[in-house]
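Encoded as structure tokens, the structure appears first; notes follow it.
No lab work stands behind these numbers, since they all come straight from the coordinates. The structure displayed is predicted, hence computed values, not measured ones. Every residue, glycine as well, gets a Cβ built from its backbone with ideal geometry; the counts of neighbours run over all protein chains shown.
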Amino acid sequence: MTEPQPEREPDPAPVRSEWPLYEVFLRGKRGLNHVHVGSLHAADPQMALHHARDLYTRRNEGVSIWVVAASDITASSPDEKDPFFAPSGDKVYRHPTFYQIPDDVPHM
Amino acid sequence: MTAATQADLQAHFDQTIARDRRIEPRDWVPDRYRATMIRQIAQHAHSEIIGMQPEGNWITRAPSLRRKAILLAKVQDEAGHGMYLYSAAETLGADRGDLTDKLIDGRQKYSSIFNYPTLTYADVGVIGWLVDGAAICNQVPLCRSSYGPYARAMVRICKEESFHQRQGYELLMTMMRGTQAQRDMVQDATNRFWWPSLMMFGPPDDASPNTEQSMRWGIKRHTNDELRQRFVDMTVPQADKLGVTLPDPDLSWNEAREHYDFGAVDWAEFKAVVAGNGPCNTERVARRKAAHDDGAWVREAARAHAAKARAS
């Protein structure tokens with residue numbers, strides 16, 4: 001899944017966008033998750049939904065849309081070296097390839 | 001921030017670039033990378049938005065309902081491309097309203113190609129064929145830009161540009177099967193747009209001081225001259241097939257280079273148009289400003305409606 005881009009770097013210029021920012025997620029077709037596709041500005045969630053339809057589904061790219069106010073998203077740090085993800089780094093035994101099974105054992 | 005931390009961040013950034021991984025929003029980046037990226041994305045976004053005008057002028061005068069529906073869809077796509085790109089610029093901390101202001105008061109540029117007028121309906125076809133063709137040449141490598149949100153916007157845009165180019169070429173093929181007057185219109189439009197299309201790739205490499213840094217950062221993948229050559233090589237056979245002559249007496253196949261040689265671009269004209277002295281610079285910006293000003297009451301009304309809905 002594409003990573004959401006909710007938090008912004010502090011802007012040196014004063015922020016003066018007239019409508020708040022919404023992040024847009026699309027379900028491409030039934031059976032797939034919603035995926036982040038970008039953002040847009042709208043006065044309210046309903047308008048955000050309409051704008052998302054016009055902006056991100058002009059060619060049947062979606063069967064379902066979520067819009068989320070960017071300010072409502074809580075995100076982890078994007079830095080891959082962040083210790084936040086460290087706990088899963090040393091647990092190789094969680095992966096099937098950790099286990100040696102002879103090749104002639106069937107259906108494994 | 002301590003010097004050591006700063007060095008760590010720089011090292012991590014350098015390593016990400018060296019491994020050809022993508023930079024994502026909120027990653028630490030050098031100030032110059034951020035500024036360059038915002039400028040590049042904003043200029044691209046502005047080009048899409050201003051790019052609606054030359055062709056938009058013809059929507060009410062399209063020769064058939066079919067052509068009108070196609071042109072409407074195309075111009076709507078250009079607006080969409082502008083929005084994807086403003087969205088990408090905002091992930092770097094740019095503010096959309098601020099970018100609009102910078103376009104309107106001339107502090108940020110857009111592609112000089114849109115400062116040329118569209119005199120006949122053949123121009124709609126030639127813009128699709130040559131201008132969007134050149135844009136595709138420029139943009140396909142940007143799908144691998146080191147800045148993730150920009151690269152993803154470019155993937156989406158490139159898919160849609162393909163429709164733009166093909167509808168233009170099909171329009172021209174139709175006109176070439178028509179009357180002599182229609183064929184003359186296609187040739188005339190080609191004559192006017194050929195050289196400005198070559199200018200879309202930017203100044204020659206020896207006059208493009210930022211190219212080297214941009215290539216090191218992975219925000220530019222080929223030099224201006226490489227892309228220009230690629231475009232010429234792609235376009236010559238298309239012109240032959242169409243039956244138009246590209247207005248360059250020096251255009252010829254070079255067996256040794258396995259590329260087409262072509263004549264010198266008039267860089268003085270390019271500089272003049274970029275500096276604001278093209279045929280339509282003033283008109284384009286004035287119209288963008290008028291649209292923005294005329295929309296002020298709509299933005300305000302929507303805000304008031306949203307506030308009222310929240311309160312109730």
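Taking neighbour counts of Cβ atoms within 10 Å as a proxy for exposure, in what order, fewest first, do B:D184, A:D72 appear? Before the final figure, lay out the partial values.
Working: B:D184 13, A:D72 10.
In order of increasing Cβ crowding within 10 Å: A:D72, B:D184.
Report the gain in length on full extension from B:H259 to B:K308: 0.36 nm times residue separation, minus Cα-Cα distance, nm rounded to one decimal.
Working: separation 49, 0.36 × 49 = 17.64 nm, distance 6.38 nm.
That works out to 11.3 nm of additional length.
Can you show me the helix-derived [θ] at 222 nm for chain B, built from DSSP H runs with n ≥ 4 at -39,500 (n - 2.57) apiece and divided by the number of residues, rounded to the nearest 500. Show your work: numbers first, answer last.
Details: 14 runs with 200 residues, N = 312.
Result for chain B, helices only: -21000 deg cm²/dmol.
Residue separation times 0.36 nm, minus the C-alpha to C-alpha distance between B:Q213 and B:A286: what's the value?
Values: separation 73, 0.36 × 73 = 26.28 nm, distance 3.43 nm.
22.8 nm is the gain from fully extending B:Q213 to B:A286.
Using the 10 angstrom Cβ neighbour count as an exposure proxy, how do B:T235, B:T120, B:T282 rank, fewest first? Before the final figure, lay out each step's value.
Working: B:T235 22, B:T120 17, B:T282 12.
So the residues, fewest neighbours to most, are B:T282, B:T120, B:T235.
As a test of the definition: which semi-axes, in Å, follow for chain B when you take the square root of five times each eigenvalue of its alpha carbon gyration tensor? Largest first, please.
Numbers: eigenvalues 235, 158, 56 Å².
Working through the eigenvalues yields semi-axes of 34, 28, 17 Å.
On the Cα set of the range B:171-214, report Rg and Dmax in Å, please.
Over the range B:171-214's Cα set, Rg and Dmax evaluate to 16.9, 51 Å.
Once fully extended, how much extra length lies between B:D225 and B:Q10, figured as 0.36 nm per residue of separation less the alpha-carbon to alpha-carbon distance?
Working: separation 215, 0.36 × 215 = 77.40 nm, distance 3.09 nm.
Using 0.36 nm per residue and subtracting the Cα-Cα distance, I get 74.3 nm.
Residues with beta-carbon under 14 Å from that of B:D294, excluding B:D294: net charge, scoring Lys, Arg +1 and Asp, Glu -1? The partial results should precede the final answer.
On the way: positive: B:R287, B:R288, B:K289, B:R299; negative: B:D293, B:E300.
The answer is +2.
Between B:P203, B:P141, B:P279, where does the largest GNM mean-square fluctuation fall for chain B, given springs only between Cα atoms within less than 10 Å?
B:P279
Straight-line reach only, C-alpha to C-alpha below 21 angstrom: list the lysines that B:K220 could link to, leaving out same-chain residues fewer than 8 apart.
In chain and number order, the partners are B:K109, B:K159.
Which ³J(HN,Hα) values in Hz, rounded to whole numbers, follow from the phi angles of the range B:8-18 under the Karplus curve 6.51 cos²θ - 1.76 cosθ + 1.60, where θ = phi - 60° and Gly and Pro get x?
Going residue by residue, I get 4, 4, 4, 5, 5, 4, 4, 5, 4, 5, 4 Hz, with x marking Gly and Pro.
Just to confirm the filter: which trypsin sites (Lys or Arg not before Pro) across the range B:202-294 are DSSP coil and have at most 15 other Cβ within 10 angstrom of their Cβ?
On the way: sites: B:R216, B:K220, B:R221, B:R228, B:R230, B:K241, B:R257, B:K271, B:R284, B:R287, B:R288, B:K289; in loops: B:K220, B:R221, B:R257.
Passing sites in the range B:202-294 are B:R257.
Give a residue-ordered list of calculated ³J(HN,Hα) values for the range B:297-312 (Karplus: 6.51 cos²θ - 1.76 cosθ + 1.60, θ = phi - 60°; whole Hz; x for Gly, Pro).
5, 5, 4, 5, 5, 5, 5, 5, 4, 5, 5, 5, 5, 5, 6, 8
Please find, in a Gaussian network model of chain B (springs between Cα atoms separated by less than 10 Å), the residue of B:A286, B:A256, B:A79 whose mean-square fluctuation is greatest.
The residue that fluctuates most here is B:A256.
Skipping prolines and chain starts, which residues have an amide H placed within reach, meaning under 5 Å, of the one on B:I23, given they are 5 or more residues away or on another chain?
B:Y147, B:G148
Explain nothing, just the number: dipole magnitude of the range B:210-283 about its Cα centre with +1 on each Lys and Arg Cβ and -1 on each Asp and Glu Cβ, in debye rounded to the nearest 20. If you can, show how the numbers build up before the last one.
On the way: 8 positive and 13 negative charges, 85 e Å.
Approximately 420 debye in magnitude.
Let me see the P(r) profile for the range B:86-175: every Cα-Cα distance counted, bins of 10 Å, each bin given as a percent of all pairs.
Bins of 10 Å from zero give 16, 34, 36, 13, 1 percent of pairs.
Provide the per-residue ³J(HN,Hα) series for the range B:164-180, in order, calculated from phi with Karplus coefficients 6.51, -1.76, 1.60 and θ = phi - 60°, each as a whole number of Hz, with x at glycine and proline positions.
In residue order, the calculated couplings are 4, 5, 5, 5, x, 5, 5, 4, 5, 4, 4, 5, 5, 8, x, 7, 4 Hz.
Around A:S64, which amide H atoms from residues at least 5 apart in sequence, or from another chain, sit under 5 Å from its own amide H, with H modelled in the peptide plane?
A:R27
Please list, short to long, the whole-number percent of alpha-carbon pairs of the protein assembly as shown in consecutive 20 angstrom bins beginning at zero.
Calculated P(r), rounded to whole percents: 23, 52, 22, 3.
Work out the FRET efficiency for B:K271 and B:D105 from their Cβ-Cβ distance, taking R0 = 22 Å, and round it to the nearest 0.05. Intermediate values should be presented prior to the final figure.
On the way: r = 21 Å, r/R0 = 0.95.
Once rounded, the FRET efficiency stands at 0.55.
What is the magnitude of the charge dipole of chain B about its Cα centre, with +1 placed on the Cβ of each Lys and Arg, -1 on the Cβ of each Asp and Glu, and no other charges, expressed in debye to the nearest 20? Mind dumping the intermediate values first?
Details: 40 positive and 40 negative charges, 263 e Å.
Charge dipole, chain B, about its Cα centre: 1260 debye, nearest 20.
Assigning unit charges at the beta carbon (Lys, Arg +1; Asp, Glu -1) and nothing else, what dipole magnitude in debye, to the nearest 20, does the protein assembly as shown show about its Cα centre?
Numbers: 51 positive and 56 negative charges, 275 e Å.
Dipole magnitude for the protein assembly as shown comes out near 1320 debye.
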